[in-house]
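Each remark here refers to the structure printed beneath this line.
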Amino acid sequence: MIEQIRTAVSAERARVALFDFDGTLSLIRAGWMDVMVPMMVEILLDLKTGESEERLRGIVEDFVGRLTGRQTVYQMIELAGQVETRGGRPLDPLVYKRMYLDRLHNRICHRLEELRSGACSPEKYLVPGARRLLEALCQSGLKLYLASGTDEEYMKDEARLLDLARYFDGGIYGAQDDYRSFSKAILIQRILASAECRGNEFLGFGDGYVEVENVKQVGGVAVGVATAEPECLEVDAWKRERLVGVGADFIIPNYLCQRELLALLFPSN
């Protein structure tokens, strides 16, 4: 269940744990890529450049995957650039973002309603074992932060529906209308500047390229959560390749291995 990429790595010094949200803890938005990628391919096909759908899909999947973990608007900025490169007149990236969110809402609205009405347990839309891991980290004294490229108003609501907000005493942070004012890297630098911890006292968990890279850049330990959504029972090879490429120290498919994972992260405990 656990692949240790780098030996002799531990989080013994960790004082802060930073978690991504979608795909790392929450499965509410599972399948988002199956909404975003076809929308973008459709927009590029409408330019009638003669490129095949297969080629355009490869281009879109590459930049969507590369930007996963950053605010959604950055994927839309890249889309606008792809339209312009092909001689088209792109819409404002925020317009593309709204188009995407409308389509995504149609896909996930029944999940939100299930949670709001109490028709299902929050565990249905959590990565397996996530709650037990969060509880263990809180009990060990780490300060937990939650950060996402999803709009903050939505992720705070979804974290509440999943009964996760109570674990994150460091705060919950998401995308802002002024997208330049927030990123996971900015949050990490704010924590470092506050003297709350040093770079090598960071422990990060994420299923995306960005958060793992950000944690490794400051000298922290990163757990790559290569969830094959929505079941999350095995490692997603596509995610694994990207996570290992930016320095993930461990790869896991879910948190059912939390006892063994904690023993590797904190061997003296």
Residues of region 64-105 satisfying the condition of being out of contact with any Asp or Glu (no Cβ under 9 Å at 6 or more places or on another chain), of a type in the set (Ser, Thr, Tyr) and more than 14 Å from VAL41 (Cα to Cα): TYR74, THR85
Where a residue in region 246-269 is free of Cβ contacts under 8 Å to residues at least 60 places away in the same chain and its partner, wherever it lies, is part of a loop (DSSP other than H, G, I, E, B) and open to solvent by 10 Å² or more (accessible area, probe 1.4 Å), with Cβ under 9 Å and at least six apart: GLY247/ILE5; GLY247/ARG6; ALA263/ASN269
Residue count, region 27-57 (criterion: of a type outside the set (D, E, K, R) and open to solvent by 40 Å² or more (accessible area, probe 1.4 Å)): 8
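Here is a yes/no grid of residues against (1) over 17 Å from ASN254 (Cβ atoms); (2) out of contact with any strand residue (DSSP E or B) (no Cβ under 9 Å at 6 or more places or on another chain):
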| residue | (1), (2) |
| --- | --- |
| ARG198 | yes, yes |
| GLU201 | yes, no |
| PHE205 | no, no |
| TYR209 | yes, no |
| VAL218 | yes, no |
| VAL221 | yes, no |
| GLY224 | no, no |
| THR227 | no, no |
| VAL235 | no, no |
Within region 197-236, tally of residues that are modelled with pLDDT under 95, outside any loop (DSSP other than H, G, I, E, B) and among the aliphatic types (A, V, I, L, M): 3
Residue, most open to solvent (accessible area, probe 1.4 Å), within region 71-123, restricted to residues that are among the charged types (D, E, K, R) and either touching a Cys at 6+ places or on another chain (Cβ under 8 Å) or not in a helix (DSSP H, G or I) (or both): ARG89
Output for region 79-114, where each listed residue is under 24 Å from ARG180 (Cα atoms), basic (Lys, Arg) and touching a residue at least 24 places away in the same chain (Cβ under 8 Å): LYS97
Residue check, ILE5 in contact (Cβ under 8 Å) with a residue 12 or more places away in the chain, surrounded by 13 or more Cβ atoms within 10 Å (Cβ to Cβ) and within 23 Å of GLU231 (Cβ to Cβ): no
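The values are calculated or read from the model by the stated rules, or taken from the named source; none is laboratory data. From a predicted model like this one, the values you see are computed outputs, not experimental measurements. Heads up, the Cβs are rebuilt from the backbone with ideal geometry, glycines too, and the neighbour counts pull from every protein chain shown. Heavy atoms of the whole protein, side chains included, go into the accessibility calculation; ligands, DNA and RNA do not. Shrake-Rupley method; radii C 1.70, N 1.55, O 1.52, S 1.80 Å.
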